[in-house]
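Engineer: Sharing a structure here in structure tokens format.
What follows draws every value from the coordinates through simple rules; no lab data is involved. A quick note: this is a predicted structure, and the numbers were derived from the prediction, not measured. In this analysis, Cβ positions are derived from the backbone assuming ideal geometry, glycine residues included, and neighbour counts consider all displayed protein chains.
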Amino acid sequence: MSPSLSLSLPALHASHAGIWLVGPDGVRAVGRGEAIRAVAETPHLILNAPLTGQRLGYPEVSGLDLLELFAFVHPARFVVPTVAGLAGWCGLEAPADEGAQAALLPTIANRLLAVLGGDWAEREGAWTSNMTLQRLGWGWAGLVGQRLAKPERGERMLFSRLEQWEEAPERPPARMIRLGDGEAEARLRQLTGKGAESRDGQRAFAAAAAHAFAPRDRRDAPNLLLAEAGTGIGKTLGYLAPASLWAEKAGGTVWVSTFTKALQRQLDAEGARIIPDAAERKKKIVVRKGRENYLCLLNLEDALQGSFSGRAAMLAQLVGRWAAYSKDGDMVGGDLPGWLPSLFRRAGATALTDRRGECVYAGCPHYRKCFIEKAERASRGAELVIANHALVMVSAARGRLGGGLERIVFDEGHHLFDAADSTFSVALTGAETIELRRWIMGPERATKGRRRGLAARLLDVCSYDDEGAEALDAAVQAAGLLPADGWLGRVVEGMPMGPLESLFAAVRDTVLARARAEDAGYGIETELAEPDGRLVEAAASALAALEAMQKPLAALRMRLEAVLEDSPDWLDGAARARVEGAIAGLTWRGGAVTAWIQLLARIGGAADPDFVDWMSVERIEGRELDIGLQRRWLDPTRPLAKAVLEPAQGVLVTSATLRGGEEGWDVADARTGATHLPAPAAHFHAASPFDYAASAEVLVVTDVKQGDLAALANAYARLIAAAEGGTLGLFTAIARLKAVQARIADRLARDRLPLLAQHVDPIDTGTLVDMFRADPRASLLGTDALRDGVDVPGESLRLVVMERVPWPRPTVLHAARRLAGGGSAYDDRVVKARLAQAFGRLIRRQGDKGTFVILSAACPSRLLTAFPEGVQVSRVPLEEAVARVAASRASAASPIALTEVEGRA
């Protein structure tokens, strides 16, 4: 790059430690007032505008965001969104302090801009996108345009650059084979490679896992193996070995299901061991997620053609750049950087996916290039499909897993109960009913995009079929009784319109009348019991309205099925696909309406002992968001067993904490649905190879008074300082997390100990974990999502601090399950499982060392059996806990200790 194009703009860097401006005279620390005036007058180079604005106390800060430039230059590539992360990407030395970070921003900008002068991998489409971004007012557009030469030929449009999927014949059923003795272990040796460390537990696990791939002997009785494999066993390759071998020999598909996106990414990466050739691997190993995760090309086209404006339109252009280079179009946990939508405060991001089931299928001009269709069709011929628990359960319940011939591996199996609880739940709420109305009628307000209601999607099809047209008209008319835009305001003001809004008004009044005063600021609920006359009357009217809509929806579905069967001349391939999509949607939505009708029918009558029903008003910080009726199975593993396990030939459920700290298998059997099958499950256990007694200790701090936020914050600050960062802080309440973060962030920053916080920092959780992992001096505060969804081995995680015992929230649902599950013993099982999962974050590989701290003097001793056998548990005052953490840190940092760790690794 010539000197004339070298960037000399000012830069601003803000953190909890202070604010620095970079100008012609170098770097200097400034106050908030001066910094705000500077960025308001002149565009500055910044890194992560929303986070910078939060640190300045000036949310609307804008400038030349280096992350936006990175997303333009290198779409579909990830970088840790910090100065150190970008410096590493650009081949620069990591900055030594905050001032050096500020000084490095112009250099990073110049390095990224210099790429534009060459012929880099993601060049195609850049010039065209930048021209559009310049018209939209993107700050970088002028600087990019100066360096980006106009291509000699016109660039291909985005949609013409995407690959098409190809039709393939239906795959024949898998052959019934049985893996021979030693075959799974032989495949395991092949996957681990020559010279790999021999792990007895891993070999035993692979041999036991082969049981799940044998043909079953009884109907509705799959070969079910529950396998608890401790951390460090290597269970991922342990089950991938027999799974990949069976799929290869039998010509079948194994669905590998996870609960977290992090494990999905890990499994996808392991695919290179199984199938080294990238092209072949793409065909045989497929990642599947729910359709709401993928970019909808039709929505993107709308956005690129003007349905978005302002910052949302700029995001659409950058997403368009990404789409051309994305592996699979996954916007949530795929190769779209999680921080990108956050830069635009998520404006427009959700509108780029199909979250309302409005897909027009073959009626879409991009149908043959659709990421969703591509993934779905690729999975039909794949050997391994990597999915999540919710998708597997929904697909199995809808009969989409091969008629029960498939094999399923549930990793992170301790989450099966919760996943089933969510999948098979019923929620008759304002938010759900207005979504149904929009699905049938389309959006009420005029938009620049298309109206995609059911009526619009099937209008041409029904024009050929009078009975279908009549059913569609009746459904649209009935949908008019559902809540419309502005429903919540009308309900709160006491002026509901229609039977469903009147029902929600009655529900709200009942909940508010029965709620406890201390619940006023948060979501509140009450049992669906002893309803008053107004609620019973409102439920009857709402029931009649739903039944009036259920009938034409069912009639329309049957009419569409008849059209497919008759195959009239006008039904071409595109129309057929659209009809099939509509049938699938009608089946799904019809099932939800049926469940709502069943829920309303019991109001005023006897309760169903299989279910727990309650009324709720959802709130956040006192602001009402939704109102409605909720239903959950008392034991959600019953529908799990019926819909998912029984049709399968073989199922493997595995986890490091499958028994939740219990000695026997009864808890695991109950939490996985095994107790509802006609044949017992097989069990396997392999203890972790880690020497927990030598590598970790548990400290229960005895002198931090519960409810004293100042004391709690002081404890966190002192413990994090003693560990020199590397701390994962776990909270049971967001309010306490925020209060502690506000008290200690600046204090820690003065010692160069960055503090990241879920629910505070405007960054997605996955990116926060990446930032935490990348900086050994950083600490991260979070809630449940971080308790067992974090894999941070090594130096970056050496201390876990829980602010109190993670007792279950005293909800209506929990009260019912507690009563059915043995009272306090049920609570103990839940807590011990959570403690075991949280402790599991600490030691992830050989050589890891750390301390686990609970800031609760009242922690019952009976719960401490959740920790691995041999781990020392001590009750100590805070002063001693701080000293022990500091001593552990000093020992781990010594040259001798580091040599020993490296030798063990």
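Engineer: So, counting K/R as plus one and D/E as minus one, what does the shell of residues with Cβ under 11 Å around Leu336 add up to?
Structural biologist: Details: positive: Arg77, Arg321, Lys327; negative: Asp328, Asp330, Asp335, Asp764.
Once all neighbours under 11 Å are counted, the net charge is -1.
Engineer: Cβ under 12 Å from Gly430's Cβ, Gly430 left aside: what net charge do those residues give with Lys, Arg +1 and Asp, Glu -1?
Structural biologist: Residues near Gly430 contribute -4 overall.
Engineer: Next question, about the same structure. Under a crude label model (7 Å from the Cα following the beta-carbon direction), how far is Arg37 from Glu580 in nanometres?
Structural biologist: A separation of 6.7 nm, rounded to one decimal place.
Engineer: In which sequence would Ile177, Ile524, Ile372 go, from the one with the fewest C-beta neighbours within 10 Å to the one with the most?
Structural biologist: Ile177, Ile524, Ile372
Engineer: Another one. How long are the semi-axes of the equivalent ellipsoid of region 426-633, defined as square roots of 5 times the Cα gyration tensor eigenvalues? Whole Å, largest first.
Structural biologist: In descending order the semi-axes read 36, 18, 14 Å.
Engineer: Over all directions, how big on average is the projection of the convex hull of the alpha-carbon atoms in region 692-904, in square nanometres?
Structural biologist: That works out to 11.8 nm².
Engineer: Could I ask something else about it? Run the simple label-point estimate for Asp466 and Glu166 please: 7 Å along Cα→C-beta, distance reported in nm.
Structural biologist: About 4.7 nm, to one decimal.
Engineer: Still on this structure: Projected area of region 93-171, taken from the Cα convex hull and averaged over every viewing direction, in nm²?
Structural biologist: Details: hull surface 40.0 nm².
For region 93-171, averaging the hull's shadow over all directions gives 10.0 nm².
Engineer: Jot down the per residue volume, in cubic angstrom and as a whole number, of the convex hull over the alpha-carbon atoms of region 297-365.
Structural biologist: Output value, Cα hull per residue: 93 Å³.
Engineer: Please identify every one of the trypsin sites (Lys or Arg not before Pro) in region 121-161 that sits in a loop by DSSP and has no more than 15 other beta carbons within 10 Å of its own beta carbon.
Structural biologist: Here the trypsin sites (Lys or Arg not before Pro) that fit, given the DSSP loop and packing criteria, are Arg153, Arg156.
Engineer: Let me ask another. Run lengths n ≥ 4 of DSSP H only: what is the helix-derived mean residue ellipticity at 222 nm for the chain, with -39500 (n - 2.57) per run over all residues, to the nearest 500?
Structural biologist: Per the formula, -14000 deg cm²/dmol.
Engineer: Which links in Lys289/Lys374; Lys284/Lys374; Lys261/Lys369; Lys738/Lys849; Lys261/Lys327 stretch past 20 Å when you go from one Cα to the other?
Structural biologist: Listed pairs above 20 Å: Lys261/Lys369; Lys738/Lys849.
Engineer: Still on this structure, please answer the following. Shape call for region 1-106 from the C-alpha gyration tensor, a ≥ b ≥ c root eigenvalues: rounded (a/c under 1.5), prolate (a/b greater than b/c) or oblate? Please list the in-between numbers first.
Structural biologist: Details: a/c = 1.44, a/b = 1.32, b/c = 1.09.
Cα axes put region 1-106 in the rounded bin.
Engineer: May I ask you to sort Ser8, Ser856, Ser257, Ser309 by Cβ crowding, counting other Cβ atoms within 10 Å and putting the fewest first?
Structural biologist: With the sparsest Cβ surroundings first, the list reads Ser8, Ser309, Ser856, Ser257.
Engineer: Restricting the count to DSSP beta bridges whose residues both fall in the chain, what percent are antiparallel, rounded to a multiple of 5? Display every interim value, and only then the final one.
Structural biologist: Details: 31 of 85 bridges.
About 35 percent, rounded to the nearest 5.
Engineer: In region 454-518, what trypsin sites (Lys or Arg not before Pro) fall in a loop by DSSP, with at most 12 other Cβ atoms inside 10 Å? The partial results should precede the final answer.
Structural biologist: Working: sites: Arg457, Arg490, Arg508, Arg514, Arg516; in loops: Arg516.
Here the sparse-neighbourhood loop sites are Arg516.
Engineer: Which FRET efficiency value, to the nearest 0.05, do you get for Lys150 and Ser8 by plugging their Cβ-Cβ distance into 1/(1 + (r/R0)^6) with R0 = 25 Å? It would help to have the intermediate numbers written out before the result.
Structural biologist: Working: r = 25 Å, r/R0 = 1.01.
Working from the Cβ atoms, E equals 0.50.
Engineer: Next up: Binning at 10 angstrom from zero up to the longest distance, how are the C-alpha pair distances of the chain distributed in percent?
Structural biologist: Going from the shortest bin to the longest, the percentages are 2, 11, 18, 23, 24, 16, 5, 1, 0.
Engineer: Which value in nm describes the separation of the simple spin-label points at Arg602 and Ala278, placed 7 Å from the Cα toward the beta carbon?
Structural biologist: Result for the modelled spin labels: 5.4 nm.
Engineer: Can you put Val800, Val593 in order of Cβ neighbours within 10 angstrom, beginning with the fewest?
Structural biologist: With the sparsest Cβ surroundings first, the list reads Val593, Val800.
Engineer: I need the fraction of alpha carbon pairs in region 501-606 separated by more than 19 Å, rounded to a whole percent.
Structural biologist: Looking at region 501-606, the distances longer than 19 Å represent 59 percent of pairs.
Engineer: Based on alpha-carbon positions alone, could you give the equivalent ellipsoid semi-axes of region 219-321 from the gyration tensor, as √(5λ), descending, whole Å?
Structural biologist: Gyration-tensor ellipsoid for region 219-321: 37, 16, 15 Å.
Engineer: By how many nm would the segment from Arg345 to Ala114 lengthen if fully extended, with 0.36 nm per residue of separation less the alpha-carbon distance?
Structural biologist: Difference between extended and current length: 80.3 nm.
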